[in-house]
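Read the figures in this text as sums done on the coordinates, not as results from a lab. Remember, predicted model here, so these are calculated numbers, not experimental data. Virtual Cβ from ideal backbone geometry, glycine too; neighbours counted across all protein chains shown.
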Amino acid sequence: MTPENRKTNSETLLHKRGIRINLQLPLTESDEEVKLRSSDDVLLRIVALWCVSGAAEAILASDSTGLERFRNYIVQRDIAGWLSAREHAFLFGAAPEGDEGMRQCAVFAQCRESMFFLGWCAGLVKKIDLPGGPSSLKALLALLPQQMDAQDPLARLQQAVRLRPKREILGWVDLLYRLHWAVRHANLIGKTVPGSLDAAVVQEWHHAVNWIIGYDDEDDWDLVGTDT
């Protein structure tokens, strides 16, 4: 499918859902311009996001041992290198405190949405729709370690990963680009987010899809852009 076809498909869907369209937005990447990250790269990123979002959710739920459990999991398996710089600072720096600490936890807890979208890219989530609210992580979490002391906790996940075809992922590159513009535009003019979209989920999915295509040649998860 050409970038022109993807643009037309995205705009048609947005129109049907009553979401504002910016006809001036450019085309997104062609198949020839994109090299997807490997299955192994995606697997490692999903695990890193599981750790950081799980620790953040535990703190928000006043689970005093949650952060330590994920720290121990990472240290015992020597996988700290899978974390981004910001994730490492959050997990292994001073425990978050006060309002600012809780705000930081809320941001990292929201990373579960990036994990969910990458789970779809990896074939671990069967179906997704427009991001209208928090995603159900049940199927994805079932593949992740259920016990922190398991000897081979990632075997099921590794066996299950089947990266989706580039054409499917590029369809979402285009769609999320246009959805994110609509969300940001509504925010700028003080309007309600259109089409019952969840702005935070749109942001996370856009970040994740731009990472998997190596958008703007950026390899650092913390620095991946979500331009609109």
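For the reader, a short list of remarks on this structure follows.
- The GNM of the chain, with springs linking C-alpha atoms under 10 angstrom apart, assigns the highest mean-square fluctuation among A58, A85, A199 to A85.
- Only lysines eight or more places from K126 in sequence, or on another chain, were considered; those with a Cα closer than 20 Å are K138, K166.
- Per-pair calculated FRET efficiency, R0 = 41 Å: K126 and E68 via Cβ, rounded to 0.05: 0.75
- Additional length obtainable on full extension of the chain from F92 to D219, 0.36 nm per residue less Cα span: 43.5 nm
- Each Cα pair under 8 Å and six or more residues apart adds its sequence gap; the mean of these over the residue count of the chain is a relative contact order of 28 percent.
- Kirkwood hydrodynamic radius of the chain, from inverse mean 1/r over distinct Cα pairs, in Å: 18.4
- For region 8-57, the dipole from Cβ point charges (+1 on Lys and Arg, -1 on Asp and Glu) about the Cα centre works out to 320 debye, to the nearest 20.
- Estimated FRET transfer efficiency (R156, L23; beta-carbon r; R0 45 Å; 0.05): 0.50
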